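The values are calculated or read from the model by the stated rules, or taken from the named source; none is laboratory data. Keep in mind the model is a prediction, meaning the values are calculated, not measured. Cβ atoms come from the backbone with ideal geometry, glycine included; neighbour counts cover every protein chain shown. We work out accessible area using only protein heavy atoms, side chains counted, and drop any ligands, DNA or RNA first. Shrake-Rupley method; radii C 1.70, N 1.55, O 1.52, S 1.80 Å.
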Amino acid sequence: MAERKPLISGNWKMHHNHFEAIQAVQKLSYVLSSHDLEAVDVSVHPPFTDLRSVQTVIESDEIAIALGAQNCHWENNGAYTGEVAPAMLAKLNVSMVIVGHSERRELFGETDEDVNRKVKAVLAADMTPILCCGETLDEREAGGAAARVEGQIRSGLAGVKAGQVSGLVVAYEPIWAIGTGKTATPEDAQEMCGMVRSTVRSKWGDEAADKVRIQYGGSVKPVTAPDLMRQPDIDGALVGGASLDPDEFARIIAYRLVS
Ligand code: PEP
């Protein structure tokens, strides 16, 4: 069975201008211990306008935090006003890109096909996609959560090779838990993340299933992180609101220290 190093990612959404982003990443680097960064991979996903500044701080201060983006287009250039290309992100040493976040799907009309194109484009630019999936409250209450999420995985990763699936990240984020303060119970989160891994196993095989990292996302806080992270199929967290405060985010990253 493959060892999966936990990955905790901060999705800053449309928060922090580039000055605030520099301060946040510097403060995070002061409050995190070298043990934290050895035990856990950490990524931050600032808005596009902050990327160059955060890249400069991370590289000049040699901070062991990966630079991530929140979205990208699937083409590398062209007449796509307002969009950002994967190659442009890769040039800034962005190594991870969130793809198919529920806010992109719900507010900006991203379809499963768009998400699949983006996953492939991120991989083609040698970056790691964090593919988001998750059900609405209506879908959960109607008993359709597993089918919805399985469908998002199969379509989001359609045509992606098993060797590539091994290296990517899936974030299971129930939509009813995002930004609402309602975290899924560790048992419910485990059940869904286990189902994601089984889906990967049945379509892409054992190696991909054992290596793919699966994050839970949805109102993760320092107090809820330890029990979530103890679940066998949860390999990390995608954190929105609580990642904006470096102290709070660092306490999530240090989840191992809470017994
Ligand atoms: C997210 O943005 O992916 C997220 C999980 O947000 P929050 O932690 O605020 O619920």
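Taking amide H positions as placed 1.01 Å from N in the peptide plane, with prolines and chain starts having none, which residues 5 or more places from residue 69, or on another chain, fall under 5 Å of its amide H?
Here the answer is 96, 97, 98, since their amide H atoms fall under 5 Å of that of residue 69.
Work out how much length residue 37 to residue 230 would gain on full extension: take 0.36 nm times their residue separation and subtract the Cα-Cα distance, in nm to one decimal. Present the calculation step by step, with values, prior to reporting the outcome.
On the way: separation 193, 0.36 × 193 = 69.48 nm, distance 1.81 nm.
Gain in length upon complete extension: 67.7 nm.
For the residue pair residue 180 and residue 15, what label-to-label distance in nm results when each label sits 7 Å from Cα along the Cα-to-beta-carbon direction?
With each label placed 7 Å out from Cα toward Cβ, I get 1.9 nm.
Rounded to the nearest whole Å², what accessible area per residue is found for the chain with the 1.4 Å probe?
Averaged over the residues of the chain, the accessible area is 44 Å².
Is the C-alpha gyration tensor of the range 57-140 telling us rounded, prolate or oblate? Criteria: a/c under 1.5 is rounded; beyond that, a/b larger than b/c is prolate, otherwise oblate.
oblate
Can you give the FRET efficiency for residue 87 and residue 210, using 1/(1 + (r/R0)^6), R0 = 41 Å, r = Cβ-Cβ distance, to the nearest 0.05?
Taking R0 as 41 Å, the efficiency between residue 87 and residue 210 is 0.85.
Which FRET efficiency value, to the nearest 0.05, do you get for residue 75 and residue 223 by plugging their Cβ-Cβ distance into 1/(1 + (r/R0)^6) with R0 = 41 Å?
0.45
What residues from the range 217-242 fall in the zone where the backbone N is under 17 Å from a label point 7 Å along the Cα-to-C-beta line of residue 257?
Output list for this probe position: 221-227.
Where Rh denotes the Kirkwood radius from the mean inverse Cα pair distance, what is Rg over Rh for the range 51-95?
We get a ratio of 1.04 for the range 51-95.
Can you give the convex hull volume per residue for the Cα atoms of the chain, as a whole number of Å³?
118 Å³
Enumerate the calculated ³J(HN,Hα) couplings along the range 180-194 in order (Karplus 6.51 cos²θ - 1.76 cosθ + 1.60, θ = phi - 60°), each rounded to whole Hz, writing x wherever the residue is Gly or Pro.
9, x, 9, 8, 4, 5, x, 5, 5, 5, 4, 4, 6, 5, x
Which percent of the Cα-Cα distances in the range 2-49 go past 17 Å?
Roughly 40 percent, once rounded to a whole number.
Please compute the length gained on full extension between residue 154 and residue 26, using 0.36 nm multiplied by the number of residues separating them and subtracting their Cα-Cα distance.
Numbers: separation 128, 0.36 × 128 = 46.08 nm, distance 3.83 nm.
This chain segment gains 42.2 nm when fully extended.
Computing the accessible area with a 1.4 Å probe over protein heavy atoms, can you report the carbon and sulfur percentage for the chain?
The nonpolar share, carbon plus sulfur, comes to 52 percent.
Mean residue ellipticity at 222 nm from the helices of the chain, using -39,500 (n - 2.57) per DSSP H segment of n ≥ 4 over the full residue count, to the nearest 500 deg cm²/dmol?
Computed ellipticity for the chain at 222 nm equals -12500 deg cm²/dmol.
Given 118/203; 91/211; 13/91, which pairs have Cα atoms separated by over 24 Å?
91/211
Which aspartates and glutamates have a Cα less than 18 Å from the Cα of residue 182, not counting those fewer than 8 places away in the same chain?
Excluding near neighbours in sequence, the set is 103, 135, 138, 139, 141, 173, 191, 227, 248.
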